[in-house]
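The values are calculated or read from the model by the stated rules, or taken from the named source; none is laboratory data. This one's a predicted model, so the numbers in the text were calculated from it and none came from an experiment. Note: ideal-geometry Cβ built from the backbone for every residue, glycine included; neighbour counts use all protein chains shown.
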Amino acid sequence: MPLYCCLNLLKYRVFGRKRLAFLQDEVFTKRYISGEHAFAVAPMMDWTDRYCRYFHRCLSSEALLYSEMLTTGAVIHGDRDHLLGFDSAEGKVVLQLGGSDAAAMAQAAKIGEEFGYAQINMNVGCPSDRVQSGRFGACLMAEPEIVADCVAAMLAAVRIPVTVKCRIGIDRDDSFEPFATFVEKIKVTGCDTFIVHARKAWLDGLSPKENRDVPPLKYEYVQRIKRELPDIRFILNGGLETHEQAISLLSGSLDPQSSSVKLDGAMLGRAAYKNPWLLQQVDELYYGRPAAERSRADVVNEMLPYIESKVDEGVSLGRITRHMLGLFLGQPGGRIWRRHLSENAWRKNAGISVVTDALDKVTIAATKVAA
Ligand SMILES: Cc1cc2nc3c(=O)[nH]c(=O)nc-3n(C[C@H](O)[C@H](O)[C@H](O)COP(=O)(O)O)c2cc1C
């Protein structure tokens, strides 16, 4: 293992709470990660809606944000403004599509491009029964030709990038080769970016939730495919909980075997949603931008005009604040914040005073702890 990796690994292991210092080492970060894919919040159905993305954008101006998955049928035949519309303040947003018909995927991708999405992503990772019966999502890992047709059709239809989010395989065959064959077959279309949830999907009996936890994580498969195809971008996803862990895995520095492999980005799902303050460090750690000096309370205050305007439009307060429940996770008053919003934001006529009251309670709790 190169000396700088040994040193960083040592720092990582030894310094405990000071571990972030090594991540903030400019040389370390710049050497390993660059580009707009460096950090993303995963697409999550029912979670990463427009309100969630607006909130996440207040915490990071650089992170790539994803829509929930939309099927081609919904995009083509549904209420487009309702499904696809988003606030320009959300910045770069990737539209994730689910489908397996190349012409429909191309049409939906074109519609997404016209709506202003920055990229189109094809979902080849979702294991739900509904998705399987529609013959898309993770079951398409067994049919790379269909995925390749869809990707080629989308690339021909739009000028924005088209990427694929996949697993490392499906069902019980644990070998690396089917994953490599899948990537090879898609790569010939010109698609150069794969986001890989580094566990298989077991389509025979696990629920979608279990399929996010039970099949073992094999980060080494993603490192290996990157070693074999260094010109393709691979974004690592699955089970990443902290920036220390993510950046260490991207740099290969936790695994002596893979120290020569540099992955191209990290995608965090549940950890970022449940502890959104993680996003506050993203611009600095992954993009080398100066960290914005702001507190959690500043972020709440920044959200207030947006919340007020949405509530005035008739959006229920709870639909927005549900994404903010974790903002004070682990902080004095964090539980009071969560409880106050959960109990009051869904009430009829609830407005921003619910949020400002919750913030007052947090401030009082923090003052008591400090006293
Ligand atoms: C509530 C929920 C909904 C999800 N919906 C989608 C989805 O629409 N499209 C998709 O590709 N993955 C979806 N996923 C999977 C995530 O994008 C991600 O791959 C998975 O959670 C693993 O990452 P994590 O361990 O960082 O959460 C969903 C995950 C969760 C928890």
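Yes/no matrix, rows are residues, columns are (1) assigned by TED's automatic domain parsing to the domain that holds Lys209; (2) more than 23 Å from Ala40 (Cα to Cα); (3) within 16 Å of the ligand (Cβ to nearest atom):
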| position | (1), (2), (3) |
| --- | --- |
| Ala108 | yes, no, yes |
| Ile120 | yes, no, yes |
| Val124 | yes, no, yes |
| Gly137 | yes, no, yes |
| Ile146 | yes, yes, no |
| Val151 | yes, no, yes |
| Arg159 | yes, no, no |
Original post:
When residues of segment 186-218 are filtered for being outside any helix (DSSP H, G or I), away from the ligand (no atom under 13 Å from the Cβ), under 21 Å from Val131 (Cα atoms) and not acidic (Asp, Glu), how many remain?
Top reply: 4
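Can you tell me which residues in segment 72-106 are of a type in the set (S, T, N, Q), within 22 Å of the chain's Cα centre (by Cα) and closer than 16 Å to Ala153 by Cβ?
Thr72
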**OP:** Being within 16 Å of the ligand (Cβ to nearest atom) and of a type outside the set (S, T, N, Q) is the filter here, so list the residues in segment 163-185 that pass it.
**Re:** Val164, Lys165, Cys166, Arg167, Ile168, Gly169, Ile170, Phe179, Phe182
Subject >> segment 47-106, residues that are within 12 Å of the ligand (Cβ to nearest atom) and in a loop (DSSP other than H, G, I, E, B) >> reply: Trp47, Thr48, Asp49
Original post:
Only one residue in Val147, Val124 is over 21 Å from the mean Cα position of the chain (by Cα), crowded, with 23+ Cβ neighbours inside 10 Å and at negative phi. Which one?
Top reply: Val147
Original post:
Within the bounds of segment 316-325, is there any residue that is among the hydroxyl-bearing types (Ser, Thr, Tyr), in contact (Cβ under 8 Å) with a residue 60 or more places away in the chain and assigned to a helix (DSSP H, G or I)?
Top reply: no
